[in-house]
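Please treat every number below as a calculation from the coordinates, not as lab data. Bear in mind that the values here come from a model prediction, so they are computed numbers and not experimental data. FYI the Cβ positions are ideal-geometry reconstructions off the backbone, even for glycines, and counts take in every protein chain you see.
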Amino acid sequence: MKKETKDWTRKELIEKYVNKYTPLTIPVDISIQGQQTILSLSSLEKILEGARKITLTNCACRTRLRKCHAPRNVCLRVDYSAKAATRRSPKQLSKHQALEVLKRTNEAGLVHMTYTVKGEEKPRYICSCCSCCCHSLGALIRFGILGHVVASEYMASDDLETCNNCGICVQRCQFHARQLVDSKLEFNQAKCFGCGLCATKCPTNSIMLIKRKVTAV
């Protein structure tokens, strides 16, 4: 018998996740404006560098809600949390295998995020998230809880002269920053969290990531 779908509630998200975990979006394989090289997973490699143990587990959010068909066996746990996960899931990965998992989830249109427990510096989790099931993206997008998800240091920038308004980036944007209006692309940069999903599948290479401007206080 199929388990009944249960959605997150605002109260549950605030009690369990907000101000307890800090999710940060990570762009993957994106050309960065002003640089000649490809990012090539360097942000994730830095996080995984020196990890003593990496394990692969199912996404708890998609397992619970089952609102989409995105892959589930894609969440990575590092060191401390990996040791605990080994008791339930013996699947251990090398750094190379972990990066291959993240390339696969990028293809599936999932946002890569790290989760750092409050009071700790090193992330325990690297998740591949969808806005329909993820507690953190749900808190941001469906409940408007701002400041819980931290944007990457990059943001998307469009070349409207080469854009053919195909709408692929609209479909891949989990943050609803893009839409087609009268068959023309409209991009709300204020809603962009710099995950890079739009850029990785742009058929005309009209999207790149640029450094996010830091507003002086």
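Odds and ends about this structure:
- Flagged links, alpha-carbon separation over 19 Å, of Lys67/Lys201; Lys122/Lys211; Lys184/Lys213; Lys6/Lys67; Lys20/Lys191: Lys67/Lys201; Lys122/Lys211; Lys184/Lys213; Lys20/Lys191
- Residue order, fewest to most surrounding Cβ atoms within 10 angstrom, among Cys132, Cys166: Cys166, Cys132
- DSSP-loop trypsin sites (Lys or Arg not before Pro) across the range 167-217, with at most 13 other Cβ within 10 angstrom: Lys213
- Here each label is just a point 7 Å from Cα along the line to Cβ, and for Lys103 and Arg142 those points are 3.3 nm apart.
- Under 15 Å, Cβ to Cβ, from Lys191 - net charge with Lys/Arg +1 and Asp/Glu -1: +2
- Highest-first arrangement of 151-162, 6-17, where packing means the average Cβ count within 10 Å: 151-162, 6-17
- With R₀ fixed at 41 Å, the C-beta to C-beta distance from Lys184 to Thr63 puts the FRET efficiency at about 0.60.
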